[in-house]
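Values quoted throughout were computed directly from the atomic coordinates according to the rules given, and no laboratory measurement underlies them. Only a predicted model underlies this, so the values are computations on that prediction, with no experimental measurement involved.
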Amino acid sequence: MKKVAIALVASATAVSGIAGCSSQDEGSPTTAAATPSASADVNKPVHKAVGEKAYWGCNAKSEDCPLVFKVTEISPVDRSECSSYALDDLKPDDRLIRVKVDANAQAPMPGVTPRSSPAGVLISQFWNGVSDDGYVTPVKTEYGCIPNGDTSVYGPFHTTLGIGEKGRGEMVFAVPADSTKLSLHYFDTAGWTWDIPPAQ
């Protein structure tokens with residue numbers, strides 16, 4: 001079946017840094033850079049709770065960061081909710097999860113073509129399932145599992161989220177059965193992780 005890339009398409013050719021700060025590291029902000037430093041803190045993904053804001057493209061947690069977003073829901077999806085074509089390439093033990101994201105593209109992506117939206121950080125190629133023993137597997141995006149869903153190749157957003165605009169999207173991802181976390185990392189930056197609820 002056709003694979004879908006999510007939402008928020010922007011220039012995906014540039015590598016820019018993140019600053020994903022949680023309560024445990026707000027006092028030691030990371031530095032946004034094209035190449036992450038060797039610091040363990042910079043290279044370790046920032047774990048987020050559902051509903052907790054994440055910040056990208058700035059030196060510290062700030063409402064003025066180019067991109068502020070949050071995952072608002074991660075929930076299981078029953079295969080009965082999906083169109084038949086959405087199930088064609090699933091393995092028998094793959095899990096389906098619904099992921100909802102709110103995003104605010106507040107400023108252009110630093111170090112890239114002027115006015116490039118930072119929302120490209122969120123496209124589906126940067127999302128992965130992660131097992132307890134650390135194995136990372138790219139998600140498969142299943143738009144046929146969203147009722148009355150968007151069948152655009154760009155997922156729930158047809159165009160790049162403009163500077164100063166907010167967007168809200170829903171995706172359904174297929175992940176391996178042993179995935180316990182969902183990760184998002186933009187190229188070689190550390191990124192973020194979220195817990196995947198146990199299978200029902």
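A straight chain from D102 to L87 at 0.36 nm per residue would run longer than the Cα-Cα distance by 2.7 nm.
For N43 and D132, calculate 0.36 nm times their separation in residues minus their Cα-Cα distance, and state this gained length in nm to one decimal. Please report the intermediate quantities before stating the final value.
On the way: separation 89, 0.36 × 89 = 32.04 nm, distance 1.83 nm.
Stretched out fully, the N43 to D132 stretch lengthens by 30.2 nm.
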